[in-house]
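What follows is a short report on a single structure.
The values are calculated or read from the model by the stated rules, or taken from the named source; none is laboratory data. Keep in mind that what you see is a predicted model, and the values were worked out from it rather than measured. Counting neighbours? That spans all protein chains shown, and the Cβs are built from the backbone with ideal geometry, glycine included. When the accessible area is computed, the model is the full protein with side chains, heavy atoms only, and any ligands, DNA or RNA have been set aside. Shrake-Rupley method; radii C 1.70, N 1.55, O 1.52, S 1.80 Å.
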Amino acid sequence: MKKIPVIIDCDPGVDDSYAIALANSYPEYEIVALTAVEGNVPAVLTRHNCLCLRETFDMENTKVAYGATVPLVRPYFREESVTHGEGGVGGIQFPQPTRAQEEKEAWDLIYDEAVKHNGELVVFAVGPLTNIATALRKYPDLPKYIKKFVIMGGGTFGNVSKTAEFNIWVDPTAAKEVFEKLEVYMVGLNATHAAAVSIEDFDEMLEITAGGKNKATEFLHKLTQFSKDNSFGRGQDNNVIHDALAVAGEINPDTVKYEKYYVYVEDREVENVGETVVDLKGESGKEQNCWVAMDVDQPLFAQVIKDMCKYYAEK
Ligand code: BDR
Ligand code: CA
């Protein structure tokens with residue numbers, strides 16, 4: 001069976017790690033690359049975490065490429081990430097990775113893989129969109145080589161401000177350009193919050209991964225323990241496994257229901273900078289350009305995540 005080539009552009013990240021684990025567990029996917037972007041933690045850490053996650057999940061055929069260290073225009077000064085813990089992945093210590101990154105930068109690798117796979121490439125972008133926007137600036141014909149482009153970002157409400165979601169807010173210039181150039185499947189906060197997992201879901205995940213039969217399962221157990229402990233309190237929302245929902249929607253299309261709308265990104269320094277403005281009523285008269293995740297099946301999403309845990313636990 002010919003597998004579907006996939007690139008995950010990410011800033012791991014606790015929920016990014018779940019997204020990578022999930023995509024890697026899906027037999028129809030070949031993860032050709034992880035491309036690291038600045039975001040949840042500085043690029044030096046997201047890069048390191050991509051290298052470590054590749055080895056944790058035995059992704060021998062996956063390349064890792066380094067991408068942007070800063071957003072395109074707007075400076076972003078990061079504080080410690082409470083949501084993602086020390087180092088960016090729940091404070092979990094990895095062994096030193098044995099394989100290095102590619103010599104190519106993320107945007108060159110994305111383009112070369114897209115051309116190589118001749119229009120079959122699926123891209124998940126679950127961090128700020130700096131790498132993707134850079135690829136599109138450098139290679140204007142990139143869209144014709146991408147089969148499907150799914151992001152976690154945006155939505156109809158915010159988490160950094162009332163209106164802006166983190167990934168879009170970090171680099172609104174990049175996001176604006178990406179939305180103008182690619183048909184985006186947008187899994188935003190309205191969808192990810194509706195798919196939040198429960199304490200009972202976490203307990204089942206912990207039970208499945210208990211005993212750590214291999215390094216992937218051991219890692220997922222620790223990640224889930226961190227996520228459970230870091231949920232359900234003030235400012236703690238690790239029960240919302242945002243990035244994995246973007247992947248789940250592709251693996252099991254009943255998980256996420258999309259509707260098409262015109263969406264633009266506010267990139268000016270105004271109150272709602274970083275908002276993905278969704279024209280829900282069609283008032284702009286503009287052509288619909290974006291598939292917006294509007295409905296989710298929470299029990300199904302939780303099941304997809306538990307099945308992923310089983311996949312590793314039974315390996
Ligand atoms: C998004 O921001 C990050 O903290 C998560 O990894 C996710 O991609 C949620 O707003
Ligand atoms: Ca992320």
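Annotation: amide H-H contacts under 5 Å for Y29 (H modelled 1.01 Å from N, sequence separation of 5 or more, or interchain): I4.
Under the rule a/c < 1.5 gives rounded, and otherwise a/b versus b/c splits prolate from oblate, where does the chain land using the Cα gyration tensor? Rounded, since a/c falls under 1.5.
Per residue, the average separation of C-alpha pairs within less than 8 Å and at least 6 apart gives the range 6-55 a relative contact order of 45 percent. Cross-link check: pairs K3/K63; K63/K104; K63/K116; K260/K281; K63/K222 evaluated at a Cα-Cα cut-off of 21 Å; pairs beyond the cut-off: K63/K222. Modelled spin labels at Q288 and E28, positioned 7 Å past Cα toward Cβ, are 2.3 nm from each other.
Here is the list for the range 4-65: GluC sites (Glu not before Pro) lying in DSSP coil, each with at most 16 other C-beta atoms within 10 angstrom of its C-beta, are E28, E60. Find the centroid of the Cα atoms in the range 33-60 and in the range 62-130, then give the distance between the two in whole Å. Here the answer is 6 Å between Cα centres.
Backbone geometry of the range 131-146 corresponds, through the Karplus equation with coefficients 6.51, -1.76 and 1.60 at θ = phi - 60°, to 3J(HN,Hα) couplings of 5, 5, 5, 5, 4, 5, 5, 6, 10, x, 8, 3, x, 6, 9, 9 Hz, x marking Gly and Pro. Of the GluC sites (Glu not before Pro) found in the range 61-164, those that fall in a DSSP loop while having at most 11 other beta-carbon atoms within 10 Å are E79, E80, E103. Comparing mean-square fluctuations of Q225, Q96, Q303 from a GNM of the chain with C-alpha springs under 10 Å, the top value falls on Q96.
Over the range 1-145, the ratio between the Cα radius of gyration and 2.2 N^0.38 Å evaluates to 0.99.
Are there chymotrypsin sites (Phe, Trp or Tyr not before Pro) in the range 152-221 that DSSP marks as loop and that have at most 10 other Cβ atoms within 10 Å, and which are they? Intermediate results must be reported in sequence, preceding the final value.
On the way: sites: F157, F166, W169, F179, Y185, F202, F219; in loops: F157.
In loop regions of the range 152-221 (DSSP not H, G, I, E or B), there are no sparsely surrounded chymotrypsin sites (Phe, Trp or Tyr not before Pro).
Residues in the range 196-209 carry Karplus couplings, in order, of 3, 8, 9, 4, 5, 4, 4, 4, 5, 4, 5, 5, 4, 8 Hz; the curve used is 6.51 cos²θ - 1.76 cosθ + 1.60 with θ = phi - 60°, and Gly or Pro positions show x.
Ignoring ligands, DNA and RNA, what percent of the accessible area of the chain is carbon or sulfur (1.4 Å)?
On the way: 6540 of 13280 Å².
Carbon-and-sulfur percentage of accessible area, whole number: 49.
For the range 19-178, the relative contact order is 22 percent, taking Cα pairs closer than 8 Å that sit 6 or more residues apart in sequence and dividing their mean separation by the residue count. Basic side chains Lys and Arg get +1 at the Cβ, acidic Asp and Glu get -1 at the Cβ, and with that the dipole of the range 202-247 about its Cα centre reaches some 160 debye. Taking every alpha-carbon pair under 8 Å whose residues sit at least 6 apart, the chain reaches a relative contact order of 19 percent.
Which of rounded, prolate, oblate describes the range 63-169, given a ≥ b ≥ c as roots of the alpha-carbon gyration tensor eigenvalues and a/c under 1.5 marking rounded, otherwise prolate only if a/b is larger than b/c? It comes out oblate by the Cα gyration axes.
With the other protein chains left in place, how much accessible area per residue, in square angstrom, belongs to the chain at a 1.4 angstrom probe? Kindly include the intermediate steps, with their values, before the conclusion.
On the way: 13280 Å² over 315 residues.
About 42 Å² of surface per residue is accessible.
Relative to the current alpha-carbon distance between E180 and R99, full extension at 0.36 nm per residue lengthens the span by 25.5 nm. Kindly state, to the nearest 0.05, the FRET efficiency for F77 paired with N118, given R0 = 41 Å and r defined as their beta-carbon distance. Efficiency, rounded to the nearest 0.05: 0.50.
Using a simple spin-label model with pseudo-atoms 7 Å out from Cα toward Cβ, E60 and D141 lie 3.5 nm apart.
Mind ordering 294-302, 230-238, 125-133 by average Cβ neighbours within 10 Å, highest first? Please list the in-between numbers first.
Working: 294-302: 17.8, 230-238: 14.8, 125-133: 30.6.
Averaged packing, sorted descending, gives the order 125-133, 294-302, 230-238.
Among residues other than M152 with Cβ under 10 Å from its Cβ, the summed charge is -4 (Lys and Arg +1, Asp and Glu -1). For the residues T276, T98, T62, a GNM of the chain with alpha-carbon springs under 10 Å puts the largest fluctuation on T98.
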